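Written below as structure tokens is the structure these notes are about.
Each value in this text was obtained by applying a stated rule to the coordinates, not by laboratory testing. No experiment lies behind these values; they were computed from the predicted model shown. Here Cβ is always computed from backbone atoms with ideal geometry, including for glycine, and neighbour counts include all displayed protein chains.
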């Protein structure tokens, strides 16, 4: 049976397309491209409609024909070449990364659950973009008063996907052969500006955000904990700015926030050493609002969210806006603009011959051994 004969049974695809189109102003091509990025794309067609080995181009053709046959004819309007509206790009990102973040709505409480437990909830660039788009969706939901940010599995978030980071910045040392091509400074600036915007989204969320932290909070996991409104953590949580040991030594995205949190001396200590500290210590130094035994973590976070939600909706938004204005007067917005330029410089530093080069060590001995050797430099026990 040829695939197009089953068209009458697949009209739901057209309704799905029109629904997405109305919500996102997404073009047919963008919708199809995004849909084909999903792993379950091939299940749209019965097995006897073609082998999976025939490639995505075959399915693209089938799906495009299937949609275009049924949709009403409209006049074509030419658009400028090489431009993709932001809302259309956001839709493709959502289709590609759906599942990396779980969004829950429970009365006035919204939840963002990082969902890469096998990776310690490490986030790729696209995952981070998707997380922020989910945050915005809860901000725009008028029923939601407060947002809980947490992670599935053994850790809250261990930072960015390291393999992607070293490739994006051209800092993956290769054994033999040509050295990897490093991106231009303008390319680095573009990458880092986008990251800065993602971090800003947590500090400038119009609704209160509570981080529920367990296990490891490192790199981006640590940044999110520092930037949200409130932190509820387990006593045995492990916080660290270990990413600073890669060659940053205090070059970070949101230094003003860290100085306000810890004081200038403690902030310097945390960033220069990158040492690990517990949830109880996080409460003592002001990073966490409260640290509780692990078995009470979720109940405590939910209780705090319920207490926040007792405030009127308008009061919460106005109070957050005033809080943001106060932070702005202390340089909280400018820090992100300094931060992305600093990160661009920091990913292009020179290591002297007698200095520990994590990336070279990773090339020669592997990632696990490189991390172990890195931490040995600080005599961590």
Distance from the Cα centre of segment 201-227 to that of segment 229-255, in angstrom?
10
Could you list 356, 162 in order of exposure, starting from the residue whose Cβ has the fewest other Cβ atoms within 10 Å?
356, 162
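Given an 8 Å cut-off on Cα distances and at least 6 residues of separation, report the relative contact order of segment 108-349 as a percent.
Relative contact order here is 22 percent.
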Above 16 Å lies some portion of the pair distances; for segment 207-260, what is it as a whole percent of all C-alpha pairs?
44
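Within a 10 angstrom radius of the beta carbon, how do 146, 317 rank from fewest other beta carbons to most?
Details: 146 24, 317 16.
Going from least to most buried by this count: 317, 146.
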Where does each of 142, 229 land when they are ranked from fewest to most other beta-carbon atoms within 10 angstrom?
142, 229
Counting just the Cα atoms, what span does segment 108-349 cover along each of its three principal axes? Round to the nearest Å and put the largest first.
61, 35, 34
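Scale the Cα Rg of segment 105-160 by the rule-of-thumb value 2.2 N^0.38 Å and send over the ratio, two decimals. List each step's numbers first, then the result.
Numbers: Rg = 11.8 Å, N = 56, 2.2 N^0.38 = 10.2 Å.
So segment 105-160 has a normalised radius of gyration of 1.16.
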